1. Of the heavy-atom accessible surface of the range 101-160 (probe 1.4 angstrom), what whole percent is carbon and sulfur?
2. How much accessible surface area, in Å² rounded to 10, belongs to the heavy atoms of Tyr101 with a 1.4 Å probe?
3. Show me 48-58, 146-156 ranked by packing, highest mean number of other Cβ atoms within 10 Å first.
4. Among Gly163, Leu148, Cys96, whose Cα sits farthest toward the positive end of the charge dipole of the range 82-182 (+1 at Cβ of Lys/Arg, -1 at Cβ of Asp/Glu, about the Cα centre)?
5. Taking 7 Å along the Cα-to-C-beta vector as the label spot, tell me the Ala203-Ala322 distance in nanometres, rounded to one decimal.
6. Using the heavy atoms of the protein chains and a 1.4 angstrom probe, tell me the accessible area per residue for the range 192-309 in square angstrom.
7. What fraction of the DSSP beta bridges in the chain is antiparallel, stated in percent and rounded to the nearest 5?
8. Roughly to the nearest percent, how much of the accessible area of the range 212-334 is carbon and sulfur, given a 1.4 Å probe?
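The values are calculated or read from the model by the stated rules, or taken from the named source; none is laboratory data. On a predicted model such as this, the values are computed, not experimentally measured, just so you know. Here Cβ is always computed from backbone atoms with ideal geometry, including for glycine, and neighbour counts include all displayed protein chains. For the accessible areas, the whole protein counts, side chains as well, though only heavy atoms, and no ligand, DNA or RNA atoms are used. Shrake-Rupley method; radii C 1.70, N 1.55, O 1.52, S 1.80 Å.
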Amino acid sequence: MNALVFHGPGQRSWDSVPDPAITAETDAIVRIDSSTICGTDLHILKGDVPEVEPGTILGHEAVGTIVETGNAVTTLQEGDRVLVSCITSCGRCRFCREGHYGLCTGGGGWILGHLINGLQAEYARVPFADTSVHKLPPQIANEQALFLADILPTSYEVGVLNGRVAPGDTIAIVGAGPIGLAAVMTARLFTPGRIVDLDVADARLEHAQAFGADIVINNASTDPIAEIMELTNGLGVDVAIEAVGIPDTFELCTEIVRPGGHVANVGVHGAPATLHLEKLWIKDVTITTGLVDTSTTPRLLELIANGRLDPTPFATHHFELADTEQAYETFADAASTNALKVVLSADPAQPPASEQDSVTLAGAAV
């Protein structure tokens, strides 16, 4: 098969590699129908995630079709269409039993495209398949489900839920990339009073407004701390969500949060950030970090199925799976391409749900 292979910092290529095979009875082999590229993949290529060894297939987000299962897999069968979560769960360890799948110590957690071969490929092996993929109902199209593999549950759990967003809150989301926009989208489920999004790119701030941000601030052209303090009568925001992953944005969150507020760090950091305890010790601020558990994925799927959540605006660019390298160029140059998320589709690509219904009706008429 073909796959996108990491060959060390700054090096990747679309290579012919051996087909995946069942290595444990709890495995499944999935034909990849749709995949995408994450900002974390760019961090890997920058060398920020040294655990990823050269030769690893990248990618941890996909929708696909089960083509083979190990003998111990009991809830899946050949032909099932599934969402492959970025997090794999053994289902047995202490953390999995608590619902903290991202901390799995039984061989799961974030392993796809990290510690084992990932999903930017024609086929993939998924460990612990029974507890690591989600069957998809026919009314949810691949492109609707794809962004539930990572960005939506990540922003919802690590940002909105950890930040304890509540009705009426003023929240600031630092970053208007895909993670920041997913935080805007999922924060709206809690009816905050105001959502403020901060970024250095006007094009991304326009996206933030389209996704539901009430106020946008370009912190490259104005003093963001002064702007936030003016908006909040000198108090600061109730919740600050860090959605970039660099020291300056984390430290900005700690500057704009009110006493007693919450800072929820979502971004993937590759360099140390300063924690200014000389200022924060007296403010009763709660700071949370974390990796997504994907425990909310079933609920988010329900919201999509019922028309309460629509993630398709994230898909700004579409490529065939074989053009993954070109897709990386587009995604990495988001400042000029305005890319949010790219959709990598196998041939044939999955049609939207509405088109599937039309095909079904046409077939019935014949």
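1. Numbers: 910 of 1690 Å².
Roughly 54 percent of what the probe reaches on the range 101-160 is carbon or sulfur.
2. In the full protein context, Tyr101 sits at about 70 Å².
3. Values: 48-58: 16.0, 146-156: 27.9.
The most tightly packed comes first, giving 146-156, 48-58.
4. Farthest towards the positive pole: Cys96.
5. 2.8 nm
6. Working: 5690 Å² over 118 residues.
Roughly 48 Å² per residue, with all protein chains present.
7. On the way: 30 of 57 bridges.
Looking only at bridges with both residues in the chain, the antiparallel portion is about 55 percent.
8. Numbers: 2970 of 5960 Å².
Heavy-atom surface of the range 212-334 belonging to carbon and sulfur, 1.4 Å probe: 50 percent.
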